[in-house]
Amino acid sequence: MRVGTSGWNYPSGKGTWNGLFYPKGRSRRAGTDRFDELRFYAEHFDTVEVNTTFYGQPRAEVTQGWASRTPAGFDFSLKLYQKFTHPRMFREAALKAAPGTEGPLLDLLAQVTRSDIDDFRAGIEPLASAGKLGALLAQFPPSFKDAPPSREYLAQLLRAFADYPVAVELRHRSWSDAIGETLSLLNGFGAAWVQIDEPKFRFSIRQNYLPNVTSFYYMRLHGRNAAQWWKHDTSEDRYNYLYTAGELQEFSGTAKAAKALVKKSYLYTNNHFSSKSVVNAVMLKAQLEQPIEGEYPDTLIETYPELGSLLAGRLKPAPATVLKS
């Protein structure tokens, strides 16, 4: 059972991690003395969910660096490129990068090709070869509704990545209203149905948090900031939410039950604003009776007192015995 956060690099904005999870005064100069966020993160958690692969195809030289900078046994779960799951967002990004490409050319660019799939697979190969590839996350937007064309496309996508563990996040209620058909589709490809916690609206998906396959389990906690979920100044505002210990008990309890049913579990906190996902990940580890490792900056502990109490109570290694002659 692995617990981590969604992403590790949040260098700007009101909810930056700099000066909270990442120590104040850390060096950002180029060279050997540059602070390595990923190495620091990997001292605290054994898995991370990668968001950057959503915004651009992964590159082998980058993922090779990730593999070399993390310890053995560390897992990366990678979000699929937006072209695979968010065609509208891809179109908007392409139009912004190349104004004037409206019409047939943009339609052609937005079509998923064999080359797109091969590029993604090539980009993640270093992680797969190093045994550090957790799962691929196919996160679909709320606009992706259950319909025959949607089912056919999802089946094609799962077929294209059939030799990887794939977790599918569906957000529209139509998928849970047709739960039998949805489970049949996902189970047929051995894909995990991502269990999510987020603010619930009329058309939000409804789930029971139970695993649908025995190979692995995948849960994402997005926070419950309903007031800023759709209306916010910046996108990071919607993730400005800190779960209480009581709220997390539901998920840690479910994870414990799922552990007896599946080979592997991934729990990711995505409420990343001001390192709140870090704090909640530590709280989950404590509730799951997992060791809390690594050193945490005083500024983070001062900001979140609930973290300090957990760190104060964690087990520490016994002092070494000195043998006298």
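The values are calculated or read from the model by the stated rules, or taken from the named source; none is laboratory data. Since the structure is predicted, the reported quantities are computational estimates derived from the model, not experimental observations. Counting neighbours? That spans all protein chains shown, and the Cβs are built from the backbone with ideal geometry, glycine included. SASA here: full protein model, heavy atoms, side chains in, ligands and nucleic acids out. Shrake-Rupley method; radii C 1.70, N 1.55, O 1.52, S 1.80 Å.
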Eigenvalues of the alpha-carbon gyration tensor of the range 132-214, times 5 and square-rooted, give semi-axes in Å, largest first, of 20, 15, 12
Give me the percent relative contact order of the chain, please, defined on Cα pairs under 8 angstrom at least 6 residues apart. 20 percent
How much solvent-accessible surface does residue 113 expose, in Å² to the nearest 10, with a 1.4 Å probe and all protein chains in place? 60 Å²
How much accessible area does residue 234 have with a 1.4 Å probe, in Å² rounded to the nearest 10? 60 Å²
List 66, 17, ordered by accessible area with a 1.4 Å probe, largest first: 66, 17
Among 218, 207, 255, the residue whose Cα sits farthest towards the positive end of the charge dipole of the range 195-305, when +1 is placed on the Cβ of each Lys and Arg and -1 on the Cβ of each Asp and Glu, is 207
Could you sort out which of 79/256; 132/263; 200/259; 200/263; 259/285 sit more than 19 Å apart by Cα distance in this structure? 79/256; 200/259; 200/263
For the range 178-193, just list the computed ³J(HN,Hα) in residue order, Karplus coefficients 6.51, -1.76 and 1.60, θ = phi - 60°, integers in Hz, with x standing in for Gly and Pro. 10, 4, x, 5, 5, 5, 4, 5, 5, 4, x, 10, x, 8, 7, 7
Please compute the alpha carbon radius of gyration of the range 1-89, then divide it by the globular-protein estimate 2.2 N^0.38 Å. Two decimals is fine. 1.17
Heavy-atom accessible surface of the chain: percent carbon and sulfur, 1.4 Å: 55 percent
Quick one: of the DSSP bridges fully inside the chain, what percent are antiparallel, nearest 5? 5 percent
Only four residue types carry charge here, +1 at the Cβ of Lys and Arg and -1 at the Cβ of Asp and Glu. Report the dipole size of the chain about the Cα centre in Debye, rounded to the nearest 20. 220 debye
What are the aspartates and glutamates whose alpha-carbon lies under 13 Å from the alpha-carbon of residue 24, with same-chain residues fewer than 8 places away excluded? 37, 298
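Can you give the longest run of the chain that contains no GluC sites (Glu not before Pro) sitting in a DSSP loop with at most 16 other Cβ atoms inside 10 Å?
103-288
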Accessible surface, the chain, averaged per residue in Å² (probe 1.4 Å): 48 Å²
GNM on the chain, C-alpha springs below 10 Å: top fluctuator among 121, 88, 173? 88
